[in-house]
């Protein structure tokens, strides 16, 4: 039986098997990072083996990441096979593990061009270094599964949900819960839910049915395989997985809202990106 790292026939040590990520001519690396700490520096280093066997090394850095703002940078990628890649995060006030890093390969210098490969994605800090191809070191911020990621404050009576958001991990949004209690005032209420970040609308969707006076309706927004029918006390709204980016806001727009109507936004849940 052949043992990894050794060739029994020759008795010599051979390199272990590693993933092969080929970088085509004209490829570009893209660095994205975000933090809610101050004074954070992020640096991604890589080694690439050319088709001729030569090793080239390089890096792209974010030397001053502005809190609550996604930093973007691109640089030309050498043609060849990616050998190693790692991200380091330092500086800040000691809360560096609150800094998120993604490093990806694109076919052109346009940062919005299709991603050819998501090389690494994870939270980094002074003691944590996301790397490729060895994965991301687990941190207190890299739990798996579906978790509460945002619980808002109280919504004043007679107003829509207009929450400005709060810092949280970069995760796909999986579900959100709202409770709407209407007063006895006559008139139908129709509802729209919206999710925005930095003033940019990410997604908007309407409720299933109008709501009458004296009602208590629980709204569940989720990625349903089949949407259940609405009832007098519950409505189900389609919500595809959305990337939760910094300070995403959760809002309602209610036509016919009465001064005695009450909204409660009970929170949102999501699942963390798998390690790249």
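The values are calculated or read from the model by the stated rules, or taken from the named source; none is laboratory data. Treat the numbers as computed from the prediction; the structure is a model and nothing was measured. Reconstructed Cβ throughout: ideal geometry from the backbone, glycine too, with neighbour counts over all protein chains shown.
Computed values, structure above
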{"read-out": "Those strands (runs of 3 or more DSSP E) lying entirely in segment 230-276 with at least 1 residues at pLDDT below 70 and in contact with a strand residue (DSSP E or B) (Cβ under 9 Å, 6 or more places away or on another chain)", "value": "242-244, 262-271"}
{"read-out": "Failed condition for residue 66, given (1) out of contact with any strand residue (DSSP E or B) (no Cβ under 9 Å at 6 or more places or on another chain); (2) modelled with pLDDT of 90 or more", "value": "(2)"}
{"read-out": "Given (1) surrounded by fewer than 18 Cβ atoms within 10 Å (Cβ to Cβ); (2) modelled with pLDDT of 75 or more; (3) assigned by TED's automatic domain parsing to the domain that holds residue 39, number of the condition residue 94 does not satisfy", "value": "(2)"}
{"read-out": "Which listed residue is surrounded by 16 or more Cβ atoms within 10 Å (Cβ to Cβ), more than 24 Å from the chain's Cα centre (by Cα) and more than 16 Å from residue 161 (Cβ to Cβ), from 235, 208", "value": "208"}
{"read-out": "Strands (runs of 3 or more DSSP E) contained entirely in segment 118-206, each with at least 1 residues that are farther than 30 Å from residue 41 by Cβ and at pLDDT below 70", "value": "146-150"}
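Results for (1) in a loop (DSSP other than H, G, I, E, B); (2) at pLDDT 85 or above, shown as yes or no for each residue.
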| site | (1), (2) |
| --- | --- |
| 17 | yes, no |
| 26 | yes, yes |
| 32 | no, yes |
| 42 | no, yes |
| 59 | no, yes |
| 73 | no, yes |
